[in-house]
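What follows is a set of notes on a single structure, which appears directly below.
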Amino acid sequence: MLGNAIGDAPNNEDGSGRDASGPGRRALILVENLSVPFDRRVWQECTTLRDAGWTVHVICPQGTKRDTEAEAVIDGVHIHRYPLTAATGGPAGYLKEYGSALWHTARLVRKVGPVHVVHACNPPDLLYLPARWARRRGAQFVFDQHDLVPELYLSRFDRGNDLLYRAVCALERRTYKAADIVIATNESYRDVAVSRGGKRPEDVFVVRSAPAIERFQPVPPEPELKRGKPHLLCYLGVMGPQDGVDYALRALAKLRDELGRTDWHAVFVGSGDAFDAMVELSRELDLGDQVQFTGRIPDADLVRYLSTADVCLSPDPCNPLNDVSTMNKVLEYMAMGRPIVSFDLREARVSAGDAALYARADDEAEFAALIGELLDDPDRRARMGKLGQERIGGPLSWRNSQDALLAAYAAACRARTAVRSGGGPLSARRRRRR
């Protein structure tokens, strides 16, 4: 039985030399913006920890079409979900959404009980608040920074350095201060955690997102998906204001009108806040006959489209967030062996390397021209696709990320041992917090 504090229970922190990140430990992962296991990154983290012997609990919102149960145990992972309505109507809508999420998360944290590690995934940078209950009972706090929220605010709302921007910066600072360990999704985010967040380099671990290979297994292409055209172009991902679907549509209009190319059909897979606006934009550009919007579709259908695609599109414009963020769609295109056209962003080059061609930032005409180049060069497309698959199977594989995740948890357990033993600056820091 667990005591009133998790530190009362016997464990492998007794100086015996046994691995502190092994069996018998309890982890609690907090997520607000997606349900689990729909959130693929979080689900990979859950199963990695489970396989390492951790008992894993997750608190997250309920989905609308999947992940709808309030309680579930899936493949040994305990999932606790709460009802949540996505924000509408500007800042007041986000205040309502986040207030509800924090109340439910705090309630469920107490239901789960004491844990060894509480692991909060942003956005928003508010989950350190409900994590306090677990921390007061001996848990180490791991901050998993999926997004740079200040950059997300600037890129999504285009409002500049206003009061709300300063507020999200302050919340990020509070989260960094609360974190014992930070997990970053790439080296750019790691640099921010050290420089802006003031974290020690040894307390920040890069756990890159990686596609679930079993989900992305190519199947024979289906020419009928091309709607009678020689070539298929594919976009996969969220359609929000910062995701660049509008850039892709304008580039396709230029491909048709300025380059005279009508030998393609394009499919846009996914949904988001800007979905309806993008459908309307395609009509305004008179692309209705050549552009198809599917919304979210089952994995099997997604794989059919990607297996048939000749070129995949990553039209994220250059802004403070996109330039330093790893785009999941790029990794998923690579897993499927598809060549990519992207704008020239720092982390896009880190991820894709020679598996992509890069247009100057936000240059829709060059983006269109590079699509045309690839459509005319099947050998180059094949070489680029192979390079992408090799990168996903090698340096960008989840195997490497698993090692980094377990190293982060081992560091958290070592830090917790230092606190319990009363030695070192960590102990003093925890006493000040209390």
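The values are calculated or read from the model by the stated rules, or taken from the named source; none is laboratory data. Keep in mind that what you see is a predicted model, and the values were worked out from it rather than measured. A quick note on method: Cβ atoms are made from the backbone with ideal geometry, for glycine too, and the neighbour counts reach across all protein chains shown. SASA here: full protein model, heavy atoms, side chains in, ligands and nucleic acids out. Shrake-Rupley method; radii C 1.70, N 1.55, O 1.52, S 1.80 Å.
Of the residues contained in segment 111-132, none is found to be of a type outside the set (D, E, K, R), open to solvent by 10 Å² or more (accessible area, probe 1.4 Å), part of a helix (DSSP H, G or I) and in contact with a Cys (Cβ under 9 Å, 6 or more places away or on another chain).
For Thr308, state whether it is crowded, with 20+ Cβ neighbours inside 10 Å, within 24 Å of Leu357 (Cα to Cα), at pLDDT 95 or above and among the polar types (S, T, N, Q).
yes
Within segment 171-202, the only residue that satisfies the criterion of being among the acidic types (Asp, Glu), touching a strand residue (DSSP E or B) at 6+ places or on another chain (Cβ under 8 Å) and open to solvent by 10 Å² or more (accessible area, probe 1.4 Å) is Glu187. Restricting attention to segment 266-283, the residues that are at pLDDT 95 or above and either among the aliphatic types (A, V, I, L, M) or over 20 Å from Glu332 (Cβ atoms) (or both) add up to 11.
Among residues that are surrounded by 17 or more Cβ atoms within 10 Å (Cβ to Cβ), modelled with pLDDT under 95 and at negative phi, Leu152 is included.
Among the residues of segment 34-51, is there at least one that is within 18 Å of Trp133 (Cα to Cα) and open to solvent by less than 40 Å² (accessible area, probe 1.4 Å)? Looking for residues that are within 18 Å of Trp133 (Cα to Cα) and open to solvent by less than 40 Å² (accessible area, probe 1.4 Å), one finds none in segment 34-51, hence no. Apart from one condition, Ser314 fits all of (1) farther than 24 Å from Arg190 by Cβ; (2) crowded, with 22+ Cβ neighbours inside 10 Å; (3) not β-branched (Val, Ile, Thr); the exception is (1). Of all residues in segment 247-262, none satisfies being at pLDDT below 95, buried (at least 18 other Cβ atoms within 10 Å of the Cβ) and not acidic (Asp, Glu).
May I ask you to list the residues in segment 67-94 that are in a helix (DSSP H, G or I) and either surrounded by fewer than 12 Cβ atoms within 10 Å (Cβ to Cβ) or of a type in the set (Phe, Trp, Tyr) (or both)? Working first, answer last.
Residues of segment 67-94 that are in a helix (DSSP H, G or I), as a first pass: 91-94.
Selection gives Ala92, Tyr94.
Of all residues in segment 314-371 being in contact (Cβ under 8 Å) with a residue 60 or more places away in the chain and touching a Cys at 6+ places or on another chain (Cβ under 7 Å), which is farthest from Pro218 (Cα to Cα)? Ranking the qualifying residues of segment 314-371, first place goes to Asp362. Cβ-Cβ distances below 6 Å connect the following pairs, each with a first residue in segment 87-112 that is without any contact (Cβ under 8 Å) to a residue 12 or more places away in the chain, a second residue that is acidic (Asp, Glu) and crowded, with 17+ Cβ neighbours inside 10 Å, and a separation of six or more residues or different chains: Ala87/Glu97.
Consider segment 284-300 and keep the residues that are small (Gly, Ala, Ser) and not in a loop (DSSP other than H, G, I, E, B). The one that is farthest from the chain's Cα centre (by Cα) is Ala300. Only one of the numbered conditions (1) open to solvent by 10 Å² or more (accessible area, probe 1.4 Å); (2) within 19 Å of the chain's Cα centre (by Cα); (3) modelled with pLDDT of 95 or more is not met by Met334, and that is (1). Looking only at segment 213-237, residues that are among the aliphatic types (A, V, I, L, M), surrounded by fewer than 16 Cβ atoms within 10 Å (Cβ to Cβ) and closer than 26 Å to Ser325 by Cβ come to 1 in all.
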